[in-house]
Amino acid sequence: MILNNNTDLEKKKSLSSFSEVGEGQPILSVDKLNIKFHLRGKQLHAIRGVSLDVFKGESLAIVGESGSGKSVFTKSLIGLLDTNGFIESGKISYAGEDITNFKTGKEWRRIRGREIAMIMQDPMTSLDPLKSIGSQIKESICLHTELRGKEAKMLAYKYLEDVGIDDPVRRYEQYPHEFSGGMRQRVVIATAIACSPKILICDEPTTALDVTIQAQILDLLKKLK
Ligand SMILES: Nc1ncnc2c1ncn2[C@@H]1O[C@H](COP(=O)(O)OP(=O)(O)OP(=O)(O)O)[C@@H](O)[C@H]1O
Ligand SMILES: [Mg+2]
């Protein structure tokens with residue numbers, strides 16, 4: 001049942017359009033980023049001069065009080081700022097390429113998911129209640145790899161198992177409402193890793209979950225890394 005053959009992984013990787021980063025080079029680099037929002041005829045300055053570098057294999061935590069701009073900042077890295085928001089100045093580089101001024105959906109689709117994926121705070125907002133769990137993971141696989149049909153389904157089973165969901169063949173056919181909160185968040189993680197991203201942004205991925213499940217999800221993320 002489990003698909004683990006290397007040619008499939010090669011197929012996946014060949015779709016990446018960014019160059020590999022060299023030793024000692026950050027994969028993601030943000031330099032003095034300023035983000036503002038248009039708000040009722042005024043401008044709200046949400047992000048002030050944030051700089052950071054992320055290197056391969058590294059985990060980086062952003063800590064700040066509610067409303068300090070963690071979500072706004074991380075959303076700007078995949079081009080998901082609300083429409084009234086804009087980058088006023090500063091620079092975002094991914095694998096050495098300046099992505100600060102990416103505007104169109106086409107430009108961002110090169111990055112979103114397959115290079116940088118994001119797990120949002122509330123798993124229900126990331127899953128479609130009308131589609132089966134498996135079809136959503138498979139969709140992500142088809143979008144980011146050349147795998148189709150049965151091959152894509154096999155890989156979806158594997159990802160379900162990877163995130164600790166037993167009986168993936170049965171679970172594949174079920175809908176989000178048949179899953180618990182913790183299981184839904186695992187599915188969101190599975191859809192994110194189905195894109196084989198180089199960077200996984202987690203915006204409080206455990207806030208909606210109870211304490212024991214929180215620990216399991218954090219363990220899972222550590223393992224996947
Ligand atoms: N579309 C928008 N228009 C105007 N202001 C916005 C918009 N989106 C976010 N903001 C403002 O940007 C600031 C940062 O919000 P953000 O959601 O990034 O905070 P956060 O650090 O993620 O908080 P939390 O820990 O509660 O999730 C807040 O003051 C918020 O009101
Ligand atoms: Mg937030």
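Derivation of every value follows stated rules applied to the coordinates shown; laboratory data play no part. Owing to the predicted nature of the structure, the values given are computational and were not obtained by experimental measurement. Note that each Cβ is placed from the backbone with ideal geometry, even for glycine, and that neighbours are counted across all protein chains shown.
Quick notes on this one:
- The ranking of 141, 27, 87 by Cβ neighbour count inside 10 Å, starting from the fewest, reads 87, 27, 141.
- Charged side chains reduced to their Cβ positions (Lys and Arg at +1, Asp and Glu at -1) give region 28-103 a dipole of some 320 debye around its Cα centre.
- Under 17 Å from the residue 52 label point (7 Å along Cα→beta-carbon), backbone N, region 193-207: 198-207
- About the Cα centre, charge dipole magnitude for the chain (Lys/Arg +1, Asp/Glu -1 at Cβ), debye: 520 debye
- Efficiency of FRET between residue 88 and residue 59 - r from beta-carbon atoms, R0 30 angstrom, step 0.05: 0.55
- Additional length obtainable on full extension of the chain from residue 150 to residue 100, 0.36 nm per residue less Cα span: 14.2 nm
- If R0 is taken as 41 Å, the Cβ-Cβ distance between residue 223 and residue 38 corresponds to a FRET efficiency of 0.45.
- Whether region 28-103 is rounded, prolate or oblate, judged on the alpha carbon gyration tensor where a/c under 1.5 counts as rounded: oblate
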